[in-house]
Amino acid sequence: AVLALLGRTVAGGQAFAFDRAIMLALRQPGDLATPLGPVWLRQAMIDLTALGSETLLTLAAALTIGFLLANRHLLTAALVFGGTVSGSLAVGLAKHMVGRQRPALVDHLVEVGSASFPSGHAANSAIIYLTIALILMQIVAARRARWFLFAATLLLVTAIGASRVYLGVHWPSDVLAGWSFGALWALAWWAVGSWLRSRRGG
């Protein structure tokens, strides 16, 4: 519902008041080129946003699939591959269809090139990291380990999305849509995995 509402509003050329308010609140008053906080925070946000880059996400997915194959978890490897690849393609299609321009309200602190909606970093990090976490939780026996994996992944995905707003390259609604889409996609593949395992168990 969140994704549909945001997409319809953005595609219609409308803007959200909270987008502008949040982005301005993250910059020094009277200096839209300087973000709030100490110098180290800016570098930390740049480092965090890199964890949602195409290169690192591809590497994370490839290493996970390789590890699963080496341990003969063939179904889990196939689910991770299917969920991450199809999800990334869907995000690219959504960006092309909506074609929202990047925010010009504040200075960008990193270079960007693609369309703005939904946030690719937020969506793809949710798709890849959450899909990996949720599907791995189906084969991890210890309950504490499963919840740690889920909580750590949720924190990572949240930090990556927040960094895009802090760096001025996405509207908050872009990130919210990316999180919503990515979480929905990951949950869908978790459900597929549960269904397939139940059939195999039967």
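The values are calculated or read from the model by the stated rules, or taken from the named source; none is laboratory data. Treat the numbers as computed from the prediction; the structure is a model and nothing was measured. A quick note on method: Cβ atoms are made from the backbone with ideal geometry, for glycine too, and the neighbour counts reach across all protein chains shown. Areas reflect the complete protein model, heavy atoms only, side chains present, ligands, DNA and RNA absent. Shrake-Rupley method; radii C 1.70, N 1.55, O 1.52, S 1.80 Å.
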Computed magnitude of the charge dipole of the chain (debye, nearest 20; Cβ of K, R +1, Cβ of D, E -1): 800 debye
Structure-derived mean projected area of the Cα convex hull in nm²: which label, when the choices are (i) 14.5; (ii) 11.1; (iii) 12.3: (iii)
Relative contact order %, segment 102-159, counting alpha carbon pairs below 8 Å whose residues are six or more apart: 35 percent
Top of PHE16, PHE150, PHE117 by mean-square fluctuation, Gaussian network on the chain, Cα under 10 Å: PHE16
Per residue solvent-accessible surface (Å²) - the chain, probe of 1.4 Å: 53 Å²
Enclosed volume per residue, in Å³, of the convex hull spanned by Cα atoms of segment 40-143: 126 Å³
Estimated distance in nm for a label pair at SER194 and ALA17, the labels positioned 7 Å out from Cα along Cα-to-Cβ: 3.9 nm
Cα shape, segment 82-175, gyration tensor, a/c 1.5 rule: oblate
Listed peptides 58-66, 44-52 by packing density, highest first (mean Cβ within 10 Å): 44-52, 58-66
Extension gain, MET97 back to THR34 (0.36 nm per residue minus Cα-Cα distance, nm): 19.4 nm
Helical mean residue ellipticity (222 nm; -39500 (n - 2.57) per DSSP H run of 4+; nearest 500) of the chain: -22500 deg cm²/dmol
Inter-centroid distance (Cα atoms) of segment 107-136 relative to segment 59-97, Å: 14 Å
Segments 118-127, 31-40, 70-79 sorted - mean Cβ within 10 Å per residue, highest first: 118-127, 70-79, 31-40
